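The structure appears right after this line, and notes come after that.
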Amino acid sequence: SLDAPAPPSLAGRTVVVSAGGTREPLDPVRYLGNRSSGKQGVALARALLDAGAHVRFVSAHVETPLPEGVELTTASTAAELREAVRAAARGADAVVMAAAVADFRPASLAETKIKKSPDGGAPTIELVRNPDILAELVADRARGEQFPPVIVGFAAETGDARASVDEYGRAKLAAKGCELLVVNEVGVDKGFGREDTSATLLWRNDDEPGRHVAGTKDDLARALVEVLSETLNR
Ligand code: CTP
Ligand code: CA
């Protein structure tokens, strides 16, 4: 109708999207991974392209086809993803960290395949922390790096006896210092790999309860593109 709002436009804008799960190698044939399908990041790339954005897609392990027309970089480990995201983020208008980044990696990488010992024992795998790519972008921007004015995180939360999904989301947003956090409610039958999603978009400089989006990953992607276009065109 004549009253319909203008569709969101990101023409002339460059948006970085990281997506999929990282893999942290243990030996030449094994890794520690996670169940991220990358579908949300791919849906977001599609919605961004539809809005006219240039999309730099930093792909970890994504189990679904990518849309045509993205500027693609691939990464396997968190360390590789970090380098790729930082390179793509320079001079971009926004970064969305939809990737599921491993918090830990094996302290050492065995050069040869780990074999079972005949005594029936099992090895203990020592882990070390990975850098927080998102928090580093925010911190380095404050130190003058040319990282985007809009940095967006994704958080998958379950909520528990101590706090709700949104409370954990607020705390994570404050800890990360990014502009926007998409808090996804996950559970055994929600989130990873599923088509439907339930999420809240939380702004850092905002006491409002946040914008709730229920529906498909494409619905969430379109909602995020709307708020990105409102913010960047303000
Ligand atoms: N993230 C990141 N680098 C990491 C871990 C997470 O950039 N090493 C990003 C994710 O891409 C996501 C956001 O941080 O956008 C939140 O990830 P999440 O795992 O929910 O947060 P964590 O700070 O790792 O907290 P938790 O201990 O709950 O896993
Ligand atoms: Ca984590």
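The values are calculated or read from the model by the stated rules, or taken from the named source; none is laboratory data. All of these numbers come straight from a predicted model, not from anything done at the bench. As a convention, Cβ positions derive from the backbone with ideal geometry for all residues, glycine included, and neighbour counts pool all protein chains shown. Protein only, heavy atoms only, side chains kept; ligands, DNA and RNA dropped before computing areas. Shrake-Rupley method; radii C 1.70, N 1.55, O 1.52, S 1.80 Å.
Overview of results
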read-out	value
Pick from the range 129-162, criterion among the β-branched types (V, I, T) and not in a helix (DSSP H, G or I), ranking: nearest to ligand 1 (Cβ to nearest atom)	V152
Subset of the range 97-123 that is in contact with a strand residue (DSSP E or B) (Cβ under 6 Å, 6 or more places away or on another chain) and away from ligand 2 (no atom under 16 Å from the Cβ) - its residue that is nearest to L181 (Cα to Cα)	P106
Hits in the range 93-109 - residues which are assigned to a strand (DSSP E or B), open to solvent by 20 Å² or more (accessible area, probe 1.4 Å) and within 7 Å of ligand 1 (Cβ to nearest atom)	A100
Given (1) free of Cβ contacts under 8 Å to residues at least 40 places away in the same chain; (2) farther than 27 Å from G144 by Cα; (3) open to solvent by 30 Å² or more (accessible area, probe 1.4 Å), number of the condition E71 does not satisfy	(2)
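So that you can scan it fast, the table gives a plain yes or no per residue for (1) charged (D, E, K, R); (2) at pLDDT 95 or above; (3) buried (at least 20 other Cβ atoms within 10 Å of the Cβ):
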position	(1), (2), (3)
K116	yes, no, no
G121	no, no, no
A139	no, yes, no
E145	yes, yes, no
G153	no, yes, yes
V165	no, no, yes
G177	no, yes, no
D189	yes, no, no
G193	no, no, no
